[in-house]
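**Q** Starting off with a structure, shown below.
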Amino acid sequence: MSSGWLIGVMVELAGEPAPIRHFFAVAHEDRAKAEWTAIDRAMLIGGVAASPFKGLEPVHVIGPLSPRTARSLALKPGEVRSLGWKWPRRWLALAE
């Protein structure tokens, strides 16, 4: 059972030629709820891409977050944490 999900959302920003993937840690056990929560948060940054770009869906799950990972990185139940544009190595390393 997961404590949350690591979600990537393709965000379209003014002045950028292509969508940029932004990562979110979402502390919802339900995958669909986590995806929609990440979309809601991404819309505060820019528009969410309407179609796939370079083989990546606009919203895609990177992987589940274990209870250990959520605890180690202080992700509270129901919390959404914006992780930025860079690949979230620390989050993935703890998940393994």
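The values are calculated or read from the model by the stated rules, or taken from the named source; none is laboratory data. Everything numeric here is computed off the predicted structure, so don't read it as measured data. Positions of Cβ are backbone-derived with ideal geometry, glycine not excepted, and every protein chain shown enters the neighbour counts. Just so you know, the surface numbers come from the protein's heavy atoms only, side chains and all, with ligands and any DNA or RNA stripped out. Shrake-Rupley method; radii C 1.70, N 1.55, O 1.52, S 1.80 Å.
**Q** Quickly estimate the mean residue ellipticity at 222 nm for the chain, helices only: each DSSP H run with n ≥ 4 gives -39500 (n - 2.57), and the total goes over all residues, rounded to 500.
**A** Helix contribution divided over all residues of the chain: -7000 deg cm²/dmol.
**Q** Keeping all protein chains in place and using 1.4 angstrom, which order do I7, I45, I20 fall into by accessible surface area, from largest down?
**A** Greatest to least solvent exposure: I45, I20, I7.
**Q** Taking H as built 1.01 Å from N, whose amide H comes closer than 5 Å to the amide H of L75, not counting residues under 5 places away?
**A** none
**Q** Amide H neighbours of L13 under 5 Å, counting only residues 5+ apart in sequence or on other chains, H built in-plane at 1.01 Å?
**A** I20
**Q** How large is the dipole of the chain about the Cα centre if only Lys and Arg carry +1 and Asp and Glu carry -1, each at its Cβ, rounded to the nearest 20 debye?
**A** 400
**Q** Residues of the chain: accessible area per residue at 1.4 Å, in Å²? Let's see the in-between values first.
**A** Details: 5640 Å² over 96 residues.
Accessible area per residue, the chain: 59 Å².
**Q** Using a probe of 1.4 angstrom, how much of the accessible area of the chain is carbon and sulfur, in percent? Can you show the working numbers first?
**A** Numbers: 3130 of 5640 Å².
Answer for the chain is 55 percent, counting heavy atoms of protein chains only.
**Q** Treating cross-link reach as a plain straight distance, find the lysines whose alpha-carbon is under 29 Å from the alpha-carbon of K76, omitting any fewer than eight places away in the same chain.
**A** Result set, ordered by chain and number: K33, K86.
**Q** Another question, then. With θ set to phi - 60° and the Karplus curve 6.51 cos²θ - 1.76 cosθ + 1.60, what are the ³J(HN,Hα) couplings of region 2-12 in order, to the nearest whole Hz, using x for Gly and Pro?
**A** Each residue of region 2-12 in turn: 9, 9, x, 9, 9, 10, x, 10, 7, 10, 9 Hz.
**Q** If you rank R41, R89, R31 by how much accessible surface each has, with a 1.4 Å probe, what is the order from largest down? If you can, show how the numbers build up before the last one.
**A** Values: R41 95, R89 180, R31 120 Å².
The most accessible residue leads, giving R89, R31, R41.
**Q** Please name which of S66, A42, F23 has its Cα lying farthest along the dipole of the chain towards the positive end, using unit charges on Cβ (Lys, Arg +1; Asp, Glu -1) and the Cα centre as origin.
**A** Highest projection toward the positive end goes to S66.
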